[in-house]
Amino acid sequence: MKPYGVVGFCCCCLIASGCTSLEGEDYGVFDPYETNNRRSYDVTDSVDRAVLVPVARGYRKVLPDWFERGLSKMFQNLRTVDSSVNGFLQGKPKSGGIDFARILINATIGVGGFFDVASRWDLPYQDEDLGQTLAVWGIKKSRYLYVPFFGPSTLRDLPSDVIRSWVPQMLFGGDIHWGVSVVDLVRARAGALAASDIRDASALDPYAFTRDAYFQRRRFLIYDGDPPLEDFFSDFGEEDFGEEDSSEQDEASEDASVEVTD
Amino acid sequence: MVHRLKVFIVGVACCSALTPWSDASADGASTHAAIATFHATLIAAMQQTGVDARENLIAGQVQRLFDVEGIARISVGRTWRGLSVDDRDRFKRLLRELIVATYADRFDRFAGQSFEMEADGLDRDDLVRTRLVKVDGSSVGLDYYLRDGRVFNVVADGVSDLSLRRADYRSIVKRQGFNALLGHLETKIALARSGD
């Protein structure tokens with residue numbers, strides 16, 4: 001994709017996100033396109049199981065753990081530029097500064113990011129992105145999208161996902177970026193094997209499980225690992241612990257909850 | 001937020017009578033001790049060979065520590081109210097078995113892992129923050145949410161087990177019905193037990 005194509009696509013998503021930002025004020029599950037998303041999930045999951053998972057397992061089997069970790073750290077270091085910028089955009093100069101220092105330290109002393117020297121110096125990766133920035137700026141509730149061959153996202157987070165997947169092309173250019181992108185894809189899938197194994201072992205409806213896990217994880221990141229506890233308890237409501245003969249009001253509130261979450 | 005809450009609690013404790021503070025500390029200590037015992041059991045289970053041995057160790061702890069009925073109610077929501085006593089008992093039994101089997105499956109080999117209690121929230125009796133630390137130094141945050149001294153939710157690095165269960169189970173009930181949910185649970189229990 002050409003640079004102006006990426007910018008244009010992101011602008012369209014941002015405008016659409018802005019238009020839909022008044023649909024809710026929390027970070028709860030919002031899936032008005034569930035029918036299409038489920039189709040997309042089924043197709044993507046079939047391809048994932050047939051192609052990506054075997055390749056990722058092979059990658060994990062062949063490469064020594066230390067090399068695999070180093071490679072993942074190199075790609076993380078490339079994306080720290082994005083994280084640093086978004087730290088500043090969210091009004092968190094300390095966060096942006098830590099990531100900026102990480103880039104300098106890991107790119108030099110850490111041999112291009114292969115060794116995560118910065119973390120040992122108490123400068124942890126801040127893991128910010130454009131989707132989190134937009135959430136901090138007020139786009140909280142956003143429509144869930146299961147993008148074919150790409151995975152879970154929302155209208156708000158999609159520009160960030162596109163930008164991040166475009167990083168190798170931006171940095172390496174020419175034909176080499178395709179090779180780098182493939183390695184990045186396989187590496188990322190290998191890193192997610194443990195999570196997908198848990199999904200396969202636990203989920204009765206893998207689509208709903210993945211969707212809820214995605215929204216929870218994004219909320220966790222938006223709140224920098226410390227989401228408010230009050231929201232967590234109110235999600236489940238007292239009536240769930242109460243006696244059987246709950247009031248009509250309880251039923252109504254639960255109906256509303258099911259409408260949003262299911 | 002937690003820091004602000006802690007400051008608030010400390011402020012209240014300093015400005016008011018000490019009795020409630022002491023009670024809260026005692027409750028906080030007992031819930032932390034209960035979670036520490038559960039973690040010790042998981043470490044012991046990881047050193048056992050065979051899923052049966054691990055399940056035997058974990059089952060008693062789950063029975064004592066986990067609010068399986070609360071988890072069951074929240075997981076299926078409004079459907080719970082329309083269930084017969086037999087269906088509720090069967091659902092609770094399967095849920096308990098699934099929790100035990102899942103722990104026994106996931107904590108299946110010891111490789112130097114350890115559990116650490118976070119200092120944050122030591123005075124609370126409704127939340128215990130911990131970390132599972134692997135031998136390479138990486139770690140996963142495990143937050144236990146309690147009600148009346150029993151765990152109803154475990155949050156791993158921001159992902160709530162109960163919320164996932166709720167989304168998952170409600171989706172199955174809505175699309176396939178409650179009996180299908182029971183069937184799926186039996187399948188998952190068998191799958192977890194065949195993991196060795």
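Tabulated values for the structure
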quantity	calculated
Candidates A:Pro168, A:Pro124 - the one that is assigned to a helix (DSSP H, G or I) and either open to solvent by less than 10 Å² (accessible area, probe 1.4 Å) or closer than 27 Å to A:Phe67 by Cβ (or both)	A:Pro168
Search result, residues across the stretch B:42-56 that are surrounded by fewer than 20 Cβ atoms within 10 Å (Cβ to Cβ), within 25 Å of B:Ala190 (Cβ to Cβ) and of a type outside the set (D, E, K, R)	B:Ala44, B:Met46, B:Gln47, B:Gln48, B:Thr49, B:Gly50, B:Val51, B:Ala53, B:Asn56
Tally of residues being aliphatic (A, V, I, L, M), assigned to a helix (DSSP H, G or I) and out of contact with any Phe, Trp or Tyr (no Cβ under 8 Å at 6 or more places or on another chain) across the stretch A:189-208	6
Tally, over the stretch B:34-55, of residues that are free of Cβ contacts under 8 Å to residues at least 40 places away in the same chain and more than 22 Å from B:Asn153 (Cα to Cα)	5
Failed condition for A:Gly113, given (1) in a helix (DSSP H, G or I); (2) in contact (Cβ under 8 Å) with a residue 12 or more places away in the chain; (3) farther than 30 Å from A:Ala208 by Cα	(1)
Output for the stretch B:120-160, where each listed residue is modelled with pLDDT of 90 or more and of a type in the set (Asp, Glu)	B:Asp143
Which listed residue, of B:Asp67, B:Asp120, is touching a Phe, Trp or Tyr at 6+ places or on another chain (Cβ under 8 Å) and within 11 Å of chain A (Cβ to nearest Cβ)	B:Asp67
Pick from the stretch A:91-136, criterion under 17 Å from the mean Cα position of the chain (by Cα) and polar (S, T, N, Q), ranking: farthest from A:Asp224 (Cα to Cα)	A:Thr133
Filter result (buried (at least 17 other Cβ atoms within 10 Å of the Cβ) and of a type in the set (S, T, N, Q)) within the stretch B:76-112	B:Thr79, B:Thr102
Within the stretch B:134-180, considering residues that are more than 9 Å from chain A (Cβ to nearest Cβ) and of a type in the set (Lys, Arg), the one farthest from the chain's Cα centre (by Cα)	B:Lys134
Matching residues in the stretch A:196-211 - criterion: being crowded, with 20+ Cβ neighbours inside 10 Å and hydroxyl-bearing (Ser, Thr, Tyr)	A:Ser202, A:Tyr207, A:Thr210
Odd one out for B:Asp148 among (1) under 27 Å from A:Arg218 (Cα atoms); (2) surrounded by fewer than 14 Cβ atoms within 10 Å (Cβ to Cβ)	(1)
Filter result (free of Cβ contacts under 8 Å to residues at least 60 places away in the same chain and more than 19 Å from the chain's Cα centre (by Cα)) within the stretch A:64-90	A:Pro64, A:Asp65, A:Trp66, A:Phe67, A:Arg69, A:Gly70, A:Phe88
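The values are calculated or read from the model by the stated rules, or taken from the named source; none is laboratory data. The structure presented is a predicted model; accordingly, all values stated were derived computationally and were not measured. We place every Cβ from the backbone using ideal geometry, glycine too, and count neighbours over all the protein chains shown. Each accessible area value is taken on the protein alone, full model and side chains, heavy atoms only, with ligands, DNA and RNA left out. Shrake-Rupley method; radii C 1.70, N 1.55, O 1.52, S 1.80 Å.
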